[in-house]
Amino acid sequence: MAERRFHGIAASGGVAIAPAFLFTDPADGEAPSPAATGRVEEELARLHRALEAARTEIQALYDAARERVGEQEAEIFHVHAMFLDDPTLTKQVEEAIRRGESALAAWRQAVEAQAAMLEALNDPVFSARAVDLRDVGARVAAHLAGKAHALALPSQPSIIVARELTPSQTIMLPHELVRGFCTVQGSKTSHVAILARGLGLPAVVGVDAAVLDAARDAALMIVDGETGEVIVSPTEETLAAYRAREAALARARTQAQASAAAPAITPDGHRVEIGANLGGGGRAEAEQALAFGAEGVGLLRTEFLYMERTAPPDEEEQIAAYAPYLEVMAGRPVIFRTADIGGDKDIPYLNLPAEANPFLGQRGIRLSLARPAMFRTQLRAVLRAGAGKRGVKIMFPMVASVEEVRAAKAHLAAVRQALEAEGLPHAQDVEVGVMIEVPSAAILADALAPEVDFFSIGTNDLSQYTLAADRTHPEVGPMADALHPAVLRLIKQVVEAAHARGVWVGVCGELGGDPLATPVLLGLGVDELSMAAPSIPAVKAAVRAWPLAEAQALAAEVLALASAEEVRARLEGVERKGL
Ligand code: PEP
Ligand code: MG
């Protein structure tokens, strides 16, 4: 069979080479629904038995997910359980049964009608809810049809190829046999991408749907989670090249891991702090980050706590969620980024008005300032979780102006005062910083610097806003390349403005975890790099390979180039893995 190549969004790093397992939903090919028995009471009882059985399964899934990937990811199953308890949905089905429908037909119609309604709203979040609803719907339907919800699952090591993977499907997969993921739907922040990263498996999402047909009969495929390349039925030559690449990556990982615990110091003695980007995985995630060599948490994406649920977390729940990070990090820095909701991270229960351009809308600090009660609850929780602990830092996302920082700090001061008045213990000596991810903030870094203790450059957003290219868009997304000289020049400007005013600068966007970019960031004077924990060993190794003066010369050189391609080519030509 001829080799076929596809390109998608690189959602989780590493290379996988394995047979394709085409994942199909069992609900797709089910036999037509049996006719109603004509006995209404019996059908009603069947409905309730099926709902109960599904409830039990979902509870088991919740437990499994919590153990494997963490509390926050598991929350999705609470959402599933809520659909089962939705009185409107149940009532609709019961009424249809009383009209003579079978429980199965009535259930399917009601679920489909509601899912279609959610989809018609044309909003990514409601569309995601529709996926969840169909997921639950299929589970109940399987019980009503008298079948267990048996998914066809791989029985040998495989790459999972699917149009879309719901969270429950992902959890039910035998993880020990999964080598990687390739999906048609999805962005870097989709369920499957987050789970793949949590499991340390390569994933490419947003791949052309033709991959499904191509993979159907393929004996072998390759998923390159570093570049977004997917190759179906590779030729011997391609295969050999990728096997070498896979082996090199594994070797590099092992070697880098061996010295991951040591600090990242250049051969001429310049140290860079290395943090982990975390969020959602709690204590286990923080412990894993330490094992990868994290020296702290450079970015805690607290918005994960607000997702996949029906109401915002209250103060106590937030304290319980934040405290383990501080406990595990034991005095090392933990940067709590206040909830960055909006953009592609919508939260249905907040009832945010639909926006034509959510990335340019009510997002991050803008939303927090518009919902002060929710914002203050979060600030209280962070401060209280940090009582008696060191290392607590607070950072505001999506800042575009000085007024926003002042307003956010005023809330923080008010919260601190209230805690004092209430006699509640809370963190002292908290550094306050802002993310630099909007071009206006980068350009005005000199004006922002006197307001804060540190900056952390969010290169993911800074690139998409600088290059006007939606980072989640399957086609234009790759244009938002953080190695674009326009972005690098902004970083330089930020570092200079900050250092002139005694403010330290980190980079917590994906660029911070890309060893190719390490010498440039080092050369630009960045003080801290924060990244997905598995990237830490390789980045530390790259720091150790570049004397500061050489890194500075390289940075000056690439800043003068005209395009991201040129920068990339130049950096690939001089890459040092330092192993
Ligand atoms: C960024 O924008 O670079 C960043 C780190 O924040 P997020 O990816 O969560 O938007
Ligand atoms: Mg961002």
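The values are calculated or read from the model by the stated rules, or taken from the named source; none is laboratory data. All of these numbers come straight from a predicted model, not from anything done at the bench. Methodologically, a virtual Cβ is constructed for each residue, glycine included, from the backbone with ideal geometry; neighbour enumeration extends over all protein chains shown. These accessible areas exclude ligands, DNA and RNA; they are computed on the full protein's heavy atoms, side chains included. Shrake-Rupley method; radii C 1.70, N 1.55, O 1.52, S 1.80 Å.
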In a loop (DSSP other than H, G, I, E, B), more than 16 Å from ligand 2 (Cβ to nearest atom) and open to solvent by 10 Å² or more (accessible area, probe 1.4 Å): which single residue out of ARG380, ARG390, ARG384 fits that description? ARG390
Could we say that GLY269 is out of contact with any strand residue (DSSP E or B) (no Cβ under 7 Å at 6 or more places or on another chain) and modelled with pLDDT under 95 here? no
When (1) under 22 Å from the mean Cα position of the chain (by Cα); (2) surrounded by fewer than 19 Cβ atoms within 10 Å (Cβ to Cβ) are applied to ASP461, the one that fails is (2)
Exactly one of ALA447, ALA413, ALA407 is touching a helix residue (DSSP H, G or I) at 6+ places or on another chain (Cβ under 7 Å) and assigned by TED's automatic domain parsing to the domain that holds THR302, and that one is ALA407
Scan the range 489-512 for residues that are within 16 Å of ligand 2 (Cβ to nearest atom) and in a loop (DSSP other than H, G, I, E, B) and jot them down. CYS508, GLY509
Quick test for you: out of ALA542, ALA486, pick the one residue that is free of Cβ contacts under 8 Å to residues at least 40 places away in the same chain, open to solvent by 10 Å² or more (accessible area, probe 1.4 Å) and not in a loop (DSSP other than H, G, I, E, B). ALA486
Can you work out which of the residues in the range 274-293 that are within 16 Å of ligand 1 (Cβ to nearest atom) and not hydrophobic (A, V, I, L, M, F, W, C) is most open to solvent (accessible area, probe 1.4 Å)? GLU285
Of the residues in the range 438-473, those that are more than 12 Å from ligand 1 (Cβ to nearest atom) and hydroxyl-bearing (Ser, Thr, Tyr) come to SER440
Of the residues in the range 425-469, how many are assigned to a loop (DSSP other than H, G, I, E, B), within 16 Å of ligand 2 (Cβ to nearest atom) and without any contact (Cβ under 8 Å) to a residue 40 or more places away in the chain? 3
Subset of the range 303-346, residues within 15 Å of ligand 2 (Cβ to nearest atom), part of a loop (DSSP other than H, G, I, E, B) and β-branched (Val, Ile, Thr), comes to THR338, ILE341
Condition check for ALA381: more than 25 Å from the chain's Cα centre (by Cα) and more than 16 Å from ligand 1 (Cβ to nearest atom): no
Quick check on GLY578: is it in contact (Cβ under 8 Å) with a residue 12 or more places away in the chain, among the small types (Gly, Ala, Ser), open to solvent by 30 Å² or more (accessible area, probe 1.4 Å) and assigned to a loop (DSSP other than H, G, I, E, B)? yes
Out of (1) open to solvent by less than 50 Å² (accessible area, probe 1.4 Å); (2) away from ligand 2 (no atom under 16 Å from the Cβ), what's the single condition that is false for THR254? (1)
What residue, of LEU360, LEU367, is at pLDDT 95 or above, surrounded by fewer than 19 Cβ atoms within 10 Å (Cβ to Cβ), away from ligand 1 (no atom under 13 Å from the Cβ) and under 23 Å from ILE457 (Cβ atoms)? LEU360
Looking for something touching a Pro at 6+ places or on another chain (Cβ under 6 Å) and not aromatic (Phe, Trp, Tyr) - is there at least one such residue anywhere in the range 296-307? yes
Can you work out which of the residues in the range 347-357 that are assigned to a loop (DSSP other than H, G, I, E, B) and out of contact with any helix residue (DSSP H, G or I) (no Cβ under 6 Å at 6 or more places or on another chain) is least open to solvent (accessible area, probe 1.4 Å)? LEU352
Which count do you get for residues in the range 393-408 that are outside any helix (DSSP H, G or I) and among the hydrophobic types (A, V, I, L, M, F, W, C)? 6
Pull up the range 140-174, narrow it to residues that are in a loop (DSSP other than H, G, I, E, B) and within 13 Å of ALA193 (Cα to Cα), then point me to the one that is modelled with the lowest pLDDT. THR166
Checking ALA418, ALA449, ALA407 in turn, the sole residue that is farther than 23 Å from TYR325 by Cβ and crowded, with 19+ Cβ neighbours inside 10 Å turns out to be ALA449
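Matching residues to (1) over 22 Å from PRO534 (Cβ atoms); (2) of a type in the set (Gly, Ala, Ser):
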site: ILE274; (1), (2): no, no
site: LEU278; (1), (2): no, no
site: GLY282; (1), (2): no, yes
site: GLU295; (1), (2): no, no
site: THR302; (1), (2): no, no
site: ARG309; (1), (2): yes, no
site: ALA321; (1), (2): yes, yes
site: PRO324; (1), (2): no, no
site: MET329; (1), (2): no, no
Could you list, in sequence order, all residues of the range 333-346 that are of a type outside the set (Phe, Trp, Tyr), buried (at least 18 other Cβ atoms within 10 Å of the Cβ) and under 29 Å from LEU529 (Cβ atoms)? PRO333, VAL334, ILE335, ARG337, THR338, ALA339, ASP340, ILE341, GLY342, GLY343, LYS345
Among the residues of the range 428-446, which ones are open to solvent by less than 10 Å² (accessible area, probe 1.4 Å) and among the charged types (D, E, K, R)? GLU437
Tell me which residues, restricted to the range 545-575, are within 30 Å of the chain's Cα centre (by Cα), within 12 Å of LEU488 (Cβ to Cβ) and in a helix (DSSP H, G or I). ALA555, VAL558, LEU559, ALA564, GLU566, VAL567, ARG568, ARG570, LEU571
Kindly indicate which of ARG471, ARG406, ARG384 is closer than 23 Å to VAL297 by Cα and not aliphatic (A, V, I, L, M). ARG384
Suppose the filter is among the hydrophobic types (A, V, I, L, M, F, W, C), modelled with pLDDT of 90 or more and part of a helix (DSSP H, G or I); does ALA256 pass it? no
